[in-house]
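Shown next, in structure tokens, is the structure this report addresses.
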Ligand code: NAD
């Protein structure tokens with residue numbers, strides 16, 4: 001397929017490369033020249049604007065920093081420019097309201113669109129092992145699925161438009177809370193004189209079992225290898241976790257949902273991000 005790919009950053013760069021590897025003709029655009037050079041080296045054809053990349057394509061995939069940029073891209077450069085039988089896939093993490101609004105505007109002009117945010121970081125984007133949670137009609141999902149499969153290990157239809165973003169922010173709010181809980185329990189065990197490795201061995205096989213402890217242990221030299229063993233470099237940046245927690249707060253307010261721990265987690269990550277926004281979110285343990 002001819003696929004326009006907009007946003008070739010940490011995540012989009014690897015995703016576009018995987019689409020090219022799968023045999024698609026990838027028409028890439030990013031504001032960064034460096035990102036364009038890398039995309040070219042990875043088998044993509046590069047363009048000097050999103051409009052040019054989208055012309056004559058069969059699908060558009062975007063992987064951008066926030067909702068305002070996504071809205072601007074689709075309303076200014078894609079809707080009305082890409083052929084209207086093209087399927088539109090936004091994989092960025094953005095607010096639910098913007099995702100629904102952009103999809104509605106696209107639908108008004110005859111386009112099918114899905115929100116398809118991802119779980120998995122840069123390594124999963126490069127390795128083609130992302131999990132996609134997809135919002136849109138059954139028909140739009142069926143058209144998007146084979147494109148997403150070339151970039152991921154799991155593609156799940158979450159529900160109607162916006163449901164992918166809803167799943168993403170709820171998942172990441174849960175992750176933020178469980179990471180803080182894991183960090184507190186590990187530090188408390190240590191302060192009470194229990195060897196943290198013993199605590200890991202016990203709790204990872206008991207009811208404290210969770211992804212933050214078992215698969216992403218936040219203490220260096222304990223449990224599985226994780227960003228903690230690399231000075232909290234790489235992994236999932238605190239600033240990005242904070243972005244998702246802010247989206248969760250906004251969504252909870254709109255929906256009238258009570259998220260006492262989600263709000264507390266946001267405040268805790270707001271503090272951490274002041275000085276350590278670039279560090280992995282599991283570095284929360286270093287503040288305890
Ligand atoms: P990034 O900042 O590395 O990449 C964003 C890219 O978009 C940049 O290359 C930038 O130049 C480009 N860009 C910005 N505005 C543009 C425009 N108008 N037209 C074209 N290109 C434009 O960010 P990232 O880490 O790749 O994250 C992208 C999205 O994926 C975000 O929504 C993020 O929340 C989500 N996400 C990131 C991770 C992660 O671990 N990095 C994991 C899951 C989801």
Counted residues in region 104-122 being within 16 Å of the ligand (Cβ to nearest atom) and either closer than 13 Å to residue 162 by Cβ or touching a residue at least 40 places away in the same chain (Cβ under 8 Å) (or both) come to 8
Kindly establish whether residue 243 is surrounded by fewer than 21 Cβ atoms within 10 Å (Cβ to Cβ), part of a helix (DSSP H, G or I), away from the ligand (no atom under 16 Å from the Cβ) and at pLDDT 95 or above.
no
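Determine which member of the set 92, 76 is within 12 Å of the ligand (Cβ to nearest atom), more than 21 Å from residue 211 (Cα to Cα) and more than 18 Å from the chain's Cα centre (by Cα). Even if it seems obvious, please write down each step before you answer.
Working: 92 fails: more than 18 Å from the chain's Cα centre (by Cα).
Criteria check complete, one pass: 76.
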Flag for residue 203 being within 16 Å of the ligand (Cβ to nearest atom), crowded, with 18+ Cβ neighbours inside 10 Å and at pLDDT 95 or above: no
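Between 190, 184, 139, which is more than 16 Å from the ligand (Cβ to nearest atom), in a helix (DSSP H, G or I) and not assigned by TED's automatic domain parsing to the domain that holds residue 248? Explain how you work it out, then say what you get.
Values: 190 fails: not assigned by TED's automatic domain parsing to the domain that holds residue 248; 184 fails: not assigned by TED's automatic domain parsing to the domain that holds residue 248.
Result of the check over 190, 184, 139: 139.
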Checking 167, 116, 106 in turn, the sole residue that is in contact with a helix residue (DSSP H, G or I) (Cβ under 6 Å, 6 or more places away or on another chain) and closer than 30 Å to residue 257 by Cα turns out to be 116
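Is it fair to say residue 155 is within 14 Å of the ligand (Cβ to nearest atom), crowded, with 16+ Cβ neighbours inside 10 Å and under 26 Å from residue 62 (Cα atoms)?
Values: within 14 Å of the ligand (Cβ to nearest atom): no; crowded, with 16+ Cβ neighbours inside 10 Å: yes; under 26 Å from residue 62 (Cα atoms): yes.
Criteria not met by residue 155.
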Screening 125, 53 for residues that are in contact with a helix residue (DSSP H, G or I) (Cβ under 8 Å, 6 or more places away or on another chain) and touching a residue at least 24 places away in the same chain (Cβ under 8 Å) leaves only 125
Taking region 1-43 and keeping residues near the ligand (Cβ under 7 Å from one of its atoms) and over 17 Å from the mean Cα position of the chain (by Cα) leaves 29, 30, 31, 32, 35
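Per-residue answers, yes or no, for (1) more than 19 Å from residue 2 (Cα to Cα); (2) surrounded by fewer than 20 Cβ atoms within 10 Å (Cβ to Cβ); (3) not assigned by TED's automatic domain parsing to the domain that holds residue 116:
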{"residue": "19", "(1), (2), (3)": "no, no, no"}
{"residue": "24", "(1), (2), (3)": "no, no, no"}
{"residue": "33", "(1), (2), (3)": "yes, yes, no"}
{"residue": "40", "(1), (2), (3)": "no, yes, no"}
{"residue": "45", "(1), (2), (3)": "no, yes, no"}
{"residue": "51", "(1), (2), (3)": "no, yes, no"}
{"residue": "68", "(1), (2), (3)": "yes, yes, no"}
{"residue": "72", "(1), (2), (3)": "yes, yes, no"}
{"residue": "75", "(1), (2), (3)": "yes, yes, no"}
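The values are calculated or read from the model by the stated rules, or taken from the named source; none is laboratory data. Computed from a predicted model, the values in this text were never measured in an experiment. Neighbour counts are summed over all protein chains in view; Cβ atoms, including those assigned to glycine, are modelled from backbone coordinates with ideal geometry.
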